[in-house]
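One structure is given here, and the rest of the page talks about it.
A short reminder: the numbers here are calculations on the coordinates, not readings from a lab. What you see is a predicted model; the values in this text were computed from it and never measured. Here Cβ is always computed from backbone atoms with ideal geometry, including for glycine, and neighbour counts include all displayed protein chains.
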Amino acid sequence: MPKLSIRSRLLFAACAFALSSPALAGANPAAEAQTLDLLKHAIAFRTVQGPGNQTPQFAAYLKDQLVAGGFAPDDVTITPVDDTAFLVARYRGSDPKLKPLLLSGHMDVVEAKPADWQRDPFTPVIENGYIYGRGATDMKFADAELIATLVDLKRQKFTPKRDVLLVLSGDEETTMKTTQLLAAKFPDAYMLLNADGGGGSLSEDGKPQYFILEGAEKAYGDYTLTITNPGGHSSAPRKENAIYEMAAVLTRIGQHQFTPQLNEITKAYFLAAADRADPRTAAAMRAFAADPTNKDAIATLTADPEEVGHIGTTCVATMVDGGHALNALPQRVTANINCRIFPGTSFQQVQDELTRVAAEPKLQIQFIDVGTTASPASPMRKDVTDAVRAGLDLAYKGVPIVPGQASGASDSMWFRVRGVPSYGVAPIFIKDSDDFSHGLNERTQLFNIAPGVAYWKIVIQRLSK
């Protein structure tokens, strides 16, 4: 376990977040205290892919905590994979014939360079009700809540009917190799609850606005575009120029809109989200939900960066590289097109459409496999919604639950593609201005601990019966 260098105010953290927590029906003081302790230790592990990756050591620490909390040593396994590892903890149910309920998270984090941060990213710091550090939001906060909740359920002698399996991957932020292995290991699971998806939104004055219950996600896809040319001396220019040709290609792609799409989840999202949108956007949301070919609605939602990703596949140029000398005609130009692909659309379909829109015979397009997959949407199930509703009502009674489709990628996709219904249900409420996931000075408010533990207990108990 790495050494912790934590400011003295950590000693008062429990009081700080307890006083600032929302009104809560029920309390779990032992689990809440353990969550904070786990979170502080978790941030101090540098679980970043590459030299010095401490994910295996972090997994060993978590196993120690689970065993100390009542899990049999043989029920917590750690499997090394390259420089990382994945962890599986089995909470045994009364009927081993039933399909298991999976609780999902990941132990790794994205890189964080101390020189760029105001505080060391791998030293947990608590200030003004926030905990700072890499993973404070994405997603060691939820990891700590899950483990403390499972230990608390053990303490209370709770016995689920079906097995509950905690599955923590070790490279979700990079290659997702451990996730693919986990999905292959449990292809017949009852369902997966992902603590790395969904979540609550707070207004800037701290009032809960809505909760996203995530049932689908867009696939991530990168495509490399290449145009080559014999080149030549810049003193003898000609019309055939790889840079100009690539610029024309990128302009055509930038002006292109993929056919708008709608599914059960995005339709429900638009109808629910319209109640909190401005009148013009609200009207467009309702019109699009009723008719995804409505041109006025499409135009309004396309112009809104917050909504354009919900209406279909999007592709955007993110990198360009061209030429080899200041005084030579370019021989080679490459560009990267990053796409977020609507469920039900394949990588090949997107590549074919990019080729058609580019309309450049010399262009070569190659899909870059970075360890991702396209996956179908999961059905919005009443038992899941009811369990989430009951958990939220302990502290956020009546807050709207909005079905959601993520524009990013998570471990859920590898389970969905194998037929396991998967849902992002993280009980963390955060302001837009506080969301520094993957960025500098990542932080999360500690008031989330108490309602989060209470929420997980309700959700796990209900869906494991």
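What net charge do the residues around Asp383 carry, taking every other residue with its C-beta under 11 Å from that of Asp383, with Lys and Arg at +1 and Asp and Glu at -1? List each step's numbers first, then the result.
Numbers: positive: Arg381, Lys382, Arg389, Arg462, Lys465; negative: Asp386.
Net charge in that neighbourhood comes out at +4.
Whose amide H sits under 5 Å from the amide H of Phe86, counting only residues 5 or more places off or on another chain, with H placed in the peptide plane?
Placed amide hydrogens put Thr79, Val81 under 5 Å from Phe86.
Count neighbours as other Cβ atoms within 10 Å of each site's Cβ, and list the trypsin sites (Lys or Arg not before Pro) in the range 161-218 that are DSSP loop with at most 10 such neighbours. Spell out each step's value before the answer.
Numbers: sites: Lys161, Arg162, Lys177, Lys185, Lys218; in loops: Lys161, Arg162, Lys218.
When the trypsin sites (Lys or Arg not before Pro) of the range 161-218 are filtered for loop state and at most 10 Cβ neighbours within 10 Å, nothing remains.
Please report, in debye to the nearest 20, how large the charge dipole of the range 125-264 is about its Cα centre when each Lys and Arg carries +1 at its beta carbon and each Asp and Glu carries -1 there.
Details: 14 positive and 19 negative charges, 57 e Å.
The dipole of the range 125-264 has a size of about 280 debye.
May I ask which residue of Ile311, Ala60, Ala284 lies farthest towards the positive end of the charge dipole of the chain, with charges of +1 (Lys, Arg) and -1 (Asp, Glu) on Cβ and the Cα centre as origin?
Working it through, the farthest residue towards the positive pole turns out to be Ala60.
Can you list the residues, at least 5 places off or on another chain, whose amide H is less than 5 Å from the amide H of Val125, using H built in the peptide plane?
Tyr132
Project the alpha carbons of the range 213-286 onto their principal axes and report the range along each, largest first, in whole Å.
Taking the Cα atoms of the range 213-286, the three principal extents are 61, 27, 17 Å.
What longest range of the chain stays clear of loop-exposed GluC sites (Glu not before Pro) (DSSP non-H/G/I/E/B, at most 14 other C-beta within 10 angstrom)?
Working: sites that count: Glu111, Glu204, Glu240, Glu306.
Between exposed loop sites, the widest span is 307-465.
Between Glu111 and Leu326, take the C-beta separation as r, use R0 = 30 Å, and let me know the FRET efficiency to the nearest 0.05.
Details: r = 33 Å, r/R0 = 1.10.
My answer for the efficiency is 0.35.
Can you list, largest first and rounded to whole Å, the semi-axes you get for the chain by taking the square root of 5 times each eigenvalue of its Cα gyration tensor?
Each semi-axis is the square root of five times an eigenvalue, giving 41, 26, 22 Å.
Evaluate the relative contact order of the chain (contact order divided by residue number), counting alpha-carbon pairs under 8 angstrom at least 6 apart; express in whole percent. Spell out each step's value before the answer.
Numbers: 989 pairs, mean separation 115.3, N = 465.
So the answer I get is 25 percent.
Can you work out the Karplus-derived ³J(HN,Hα) for every residue in the range 313-327? Use 6.51 cos²θ - 1.76 cosθ + 1.60 with θ = phi - 60°, whole Hz, and x for glycine or proline.
6, 10, 9, 8, 6, 10, 8, 9, 9, x, x, 9, 7, 5, 10
With θ taken as phi - 60° and the coefficients 6.51, -1.76 and 1.60, list the Karplus ³J(HN,Hα) couplings across the range 222-236 in order, rounded to whole Hz; mark glycine and proline as x.
10, 10, 8, 9, 9, 10, 10, 7, x, x, x, 7, 5, 7, 10
Once fully extended, how much extra length lies between Ala282 and Ala27, figured as 0.36 nm per residue of separation less the alpha-carbon to alpha-carbon distance? All intermediate terms of the calculation are to be shown ahead of the outcome.
Working: separation 255, 0.36 × 255 = 91.80 nm, distance 3.83 nm.
Full extension from Ala282 to Ala27 adds 88.0 nm.
Is there a quick way to get the dipole size of the range 261-311? I mean about its Cα centre, with the Cβ of Lys and Arg at +1 and of Asp and Glu at -1; what is the value in debye to the nearest 20? Intermediate values should be presented prior to the final figure.
Values: 5 positive and 8 negative charges, 19 e Å.
Charge dipole of the range 261-311: 100 debye, to the nearest 20.
For the chain, build the charge dipole from Cβ charges (+1 Lys, Arg; -1 Asp, Glu) around the Cα centre, then report which of Val402, Ser422, Val76 sits farthest towards its positive end.
Val76
Given +1 on the Cβ of Lys and Arg, -1 on the Cβ of Asp and Glu, and no further charges, what dipole in debye does the chain carry about its Cα centre, rounded to the nearest 20?
On the way: 46 positive and 51 negative charges, 188 e Å.
Here the chain has a charge dipole of around 900 debye.
What is the pair-distance distribution P(r) of the range 261-311, computed from all Cα-Cα distances in 10 Å bins starting at 0, with each bin given as a whole percent?
Taking all Cα pairs of the range 261-311, the binned fractions are 31, 66, 4 percent.
Identify, among Thr137, Thr159, Thr123, the residue whose Cα sits farthest towards the positive end of the charge dipole of the range 108-168, taking +1 on the Cβ of Lys and Arg and -1 on the Cβ of Asp and Glu, with the dipole about the Cα centre.
Of the listed residues, the answer is Thr159.
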